[in-house]
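Reviewing the structure listed below.
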Amino acid sequence: MAKADPIVILMADDDADDREMTREAFESSHLANDLRFVADGVDLMDYLNRRGIYSDPAKSPRPGIILLDLNMPKKDGREALQEIKADPKLTDIPVIVLTTSKEEEDINRSYTLHANSYITKPVTFGALVNIVASLGKYWLEIVELPHKRRSIA
Amino acid sequence: MATHQRTHQQEQFRSMMAGVQDCAILLLTRDGIIDSWNAGAERMKGYRADDIIGKHFSIFYPKDAIDKGWPEFELKVAASEGRFEDEGWRVRKDGSLFWANVIITAWKNDAGDLAGFLKITRDITARREMELALRESEQRFRHLVTSVKDYAFILIDVTGHVRSWNPGAEHIKGYTEAEIIGKHFSVFYLPEAIEQGWPEHELEVARTEGRFEDEGWRVRKDGSRFWANVIITPFHDDTGKLRGFWKITRDLTQKKLAEEHLRRSNRELEQFASVAAHDLQEPLRKIQAFGDRLQTRAASVLDGQSKDYLERMLNSATRMRLLINDLLTFSRITTKAQPFVPIDLERIVKEVVSDLEVRILQTGGRVELYPLPVVEGDAVQMRQLFQNLIGNALKFRKPDEPPVVTLGATNLGSFVEVTVRDNGIGFEEVYLDRIFEVFQRLHSRQEYEGTGMGLAICKKIVERHGGSITAKSAPGGGATFIVKLPIEHKGGQNGES
């Protein structure tokens, strides 16, 4: 049985430096995933719903995991999380909140809105590489992600 | 025969009258000369029969009454109308005054001519004093009720209809007395409250429990709302029967608006502070992140001095992040204050010690905990307080001596005194005030890390709880921090510092 295409990981983060660092961290961990980026909540929902510039499914392959920053302009991660989990077509995509905030309120609220996990962004690159490696091991090797028929993906 | 009988009757009558003690009963001639006396008259006015018979009855009157011709006038009225009654001052033999009720009746002889007068006098000085006292008390009450403009004093009858009003009620509720008397007091309530039967319920509680007090929205005549503090008390007559209710209403709209304003203010401040903290942290995070990558990436090409500069830069960024966090904590003592609940200080301290376990082990130190009481407070803030105090005790240890931190409490009645004692480096007491100030430090950064906020945070927390904090110390002799906290807070505790 041929292995499925590498899982698409969609990262929503308004900070260009953080996006770049995460990309480098994935490279360092030798994870061969298709890492895609959106810069804010509006962009994220357009991608997931295949609207506007994302109407071509080839440009917006369905992600297997979403990495979600909470503080973004136009529409923040909290709102986007609520929308994703309320949408029956999107609710089964695991959402990992990856944000600078360590506020108890943000942590609790994220889980209440059905985030799968919450990670506070580390400061050093080394720590980020470790986290990405752990994410890879857990979500992509250990865990079974929901299977989708090819036609939908 | 008849004359004899009548004379005998007259004699009997006279002797009866003579014996009466409580009234002065006198016979006067047509001209007002005193013709007879009795025991009551002697008792009341002080004269004996032989001193007074034959004198004019105006002797009993005060000088100004005589000058005005009162005695003669009274006789004239009695003669023409048959009867005169009055109340006024009379004079005793010793010159003292008493308040008298006097009835002068004309008596006619068989031929119908005026024969003389019967004067009956009662000393009602005591009764008059009571009446005056009562009137004065009523006047004082009325004065209080009418002059108080900020309180509505309303009397409602047992069925809930308004029976009396005062200027305060008009001021607060808008109705004039004429408009409101007789109406049911539920007209002051919101439609929803009336639907739910609140007015009747309040009277019922007042009736059964003796008092009802509440705060809530009420409606003015013009339909506008105000926030009222209402007390309803029943009153009963002497037989214990319910006569009605007193309703005292205060308009606390200003206070409520002020409270809401403060709450909103705190919310805005909190939002501002957390956004500011986040946005200020952002560039620091970048400095740390890229600085860290630079350290790794350029390790081979940087000389020792350059690496040192880089290290210092990164340390400063870290320090600034800690400072921003501390400032946020400081501001949140008021903006994120929780209402006071009973908390077990011993349990809080045990949790703090558990959090600090690593540090305690690293320093080879120990914490000795004696019993601590339960006080009313904010658990999160109490935790912060002890975390800072115990953390400091561990931090400022002597370099060659494992730190020992001792916590204990003394009961001072309504307050409790908690002490945190350490065996560390201590400080000069001359700096006692400084150490509790924001950003104040006694040591350079190289010697001891820290933001200079720890004790300022402790002080703010303690003061928000209505307590105080101070310390005793000597250089090289450790330090004892003394926190005084009230055990209970009755009212006035919701984050207003």
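The values are calculated or read from the model by the stated rules, or taken from the named source; none is laboratory data. Keep in mind it's a predicted model, so treat the numbers as computed, not measured. We place every Cβ from the backbone using ideal geometry, glycine too, and count neighbours over all the protein chains shown. Quick note on the areas: whole protein, heavy atoms, side chains included, nothing else; ligands and nucleic acids left out. Shrake-Rupley method; radii C 1.70, N 1.55, O 1.52, S 1.80 Å.
Consider all pairwise Cα distances in region B:302-359 and report the whole-number % of them above 17 Å.
Values: 1135 of 1653 pairs.
The answer is 69 percent, as a whole percent.
Give me the dipole magnitude in Debye, nearest 20, for region A:21-151 about the Cα centre, with unit charges on the beta carbon: positive for Lys and Arg, negative for Asp and Glu.
Values: 18 positive and 19 negative charges, 98 e Å.
Here region A:21-151 has a charge dipole of around 480 debye.
Let me know the shape class of region A:22-128, please: from the alpha-carbon gyration tensor, a ≥ b ≥ c as square roots of the eigenvalues, rounded when a/c is under 1.5, otherwise prolate if a/b is greater than b/c, or oblate. Don't skip to the end; give the middle numbers.
Working: a/c = 1.76, a/b = 1.11, b/c = 1.59.
Oblate, since a/c reaches 1.5 and b/c is not below a/b.
If we restrict to alpha carbons, what Rg and Dmax does region B:394-438 come to, in Å?
13.6, 41
Could you point to the residue in B:Leu385, B:Ile120, B:Cys23 farthest towards the positive end of chain B's charge dipole, with +1 and -1 charges on the Cβ of Lys/Arg and Asp/Glu respectively?
Most positive-ward Cα: B:Leu385.
What distance in nm lies between label points placed 7 Å from Cα along the C-beta direction at B:Arg43 and B:Val430?
About 9.0 nm, to one decimal.
Starting from one equal scatterer on each C-alpha and no solvent at all, send me the Debye-based log10 I(q)/I(0) for region B:167-231 at q = 0.19 Å⁻¹, two decimals.
At q = 0.19 Å⁻¹ the computed log10 ratios are -0.79.
Sort B:412-421, B:45-54, A:12-21, A:136-145 for me by packing, meaning the mean count of neighbouring Cβ atoms within 10 Å per residue, highest on top. Provide the component values of the computation, followed by the final result.
Numbers: B:412-421: 16.3, B:45-54: 14.5, A:12-21: 18.5, A:136-145: 12.7.
The most tightly packed comes first, giving A:12-21, B:412-421, B:45-54, A:136-145.
Quick one: the Cα spread of region A:1-50 along its three principal axes, in angstroms, biggest first?
38, 28, 7
Using only the alpha carbons, work out the radius of gyration and Dmax of the protein assembly as shown in angstrom.
Reported Rg and Dmax, both Å: 46.6, 159.
Taking every pair of Cα atoms in region B:12-53, average 1/r, invert it to obtain the Kirkwood radius, and report Rg/Rh to two decimals. Don't jump to the answer; show the numbers that get you there.
On the way: Rg = 9.7 Å, Rh = 10.2 Å.
Expressed as Rg/Rh, it is 0.95.
Let's see if you can work this out: charge +1 on each Lys and Arg Cβ, -1 on each Asp and Glu Cβ, no other charges. What is the dipole magnitude of the protein assembly as shown about its Cα centre, in debye to the nearest 20? Don't skip to the end; give the middle numbers.
Numbers: 89 positive and 99 negative charges, 18 e Å.
Charge dipole, the protein assembly as shown, about its Cα centre: 80 debye, nearest 20.
Given the DSSP H assignment, sum -39500 (n - 2.57) over each helix run of at least 4 residues in the protein assembly as shown and divide by its residue total; what's the result at 222 nm in deg cm²/dmol, nearest 500? Provide the component values of the computation, followed by the final result.
Numbers: 22 runs with 276 residues, N = 650.
Taking each H run of at least 4 residues, the total per residue is -13500 deg cm²/dmol.
Select from region B:420-497 those chymotrypsin sites (Phe, Trp or Tyr not before Pro) which occupy a DSSP coil region and have at most 14 other Cβ atoms within 10 Å, ordered by residue number. Walk me through the numbers before you get to the answer.
Details: sites: B:Phe427, B:Tyr431, B:Phe436, B:Phe439, B:Tyr448, B:Phe481; in loops: B:Phe427, B:Phe436, B:Phe439, B:Tyr448.
Here the sparse-neighbourhood loop sites are B:Phe439, B:Tyr448.
If the convex hull of the alpha-carbon atoms of region B:1-102 is projected onto planes in all directions, what is the mean projected area in square nanometres?
Numbers: hull surface 28.8 nm².
Answer in nm², one decimal: 7.2.
Run the numbers for B:Trp89 and B:Val275: contour at 0.36 nm per residue of separation, minus the present Cα-Cα distance, in nm. Before the final figure, lay out each step's value.
On the way: separation 186, 0.36 × 186 = 66.96 nm, distance 8.48 nm.
Going from the current span to full extension adds 58.5 nm.
Roll a 1.4 angstrom probe over the protein heavy atoms and tell me the percent of accessible area of the protein assembly as shown that is carbon or sulfur.
C and S fraction of accessible area: 53 percent.
With charges only on Cβ, +1 for K and R and -1 for D and E, what is the dipole size of region B:124-235 about its Cα centre, in debye, rounded to 20?
Details: 15 positive and 19 negative charges, 95 e Å.
Rounded to the nearest 20 debye, it is 460 debye.
Over the alpha carbons of chain B, what is the largest minus smallest coordinate on each principal axis, giving the biggest first in Å?
157, 56, 42
For region B:129-195, just the Cα set please: Rg and Dmax, both in angstrom.
14.4, 52
Starting from the Kirkwood Rh over alpha-carbon pairs, what translational D in µm² s⁻¹ does region B:266-338 have by Stokes-Einstein at 25 °C and 0.890 mPa s? Don't skip to the answer; put the middle values down first.
On the way: Rh = 13.9 Å.
Reported coefficient: 177 µm²/s.
At B:Lys108 and B:Lys241, where each label point lies 7 Å from the Cα along Cα→Cβ, what is the point-to-point distance in nanometres?
4.6 nm
Apply the Debye scattering formula to region B:49-170, with a single equal point scatterer on each alpha-carbon and no solvent, then give log10 I(q)/I(0) at q = 0.21 Å⁻¹.
Relative scattering, expressed as log10 I(q)/I(0), comes to -1.22.
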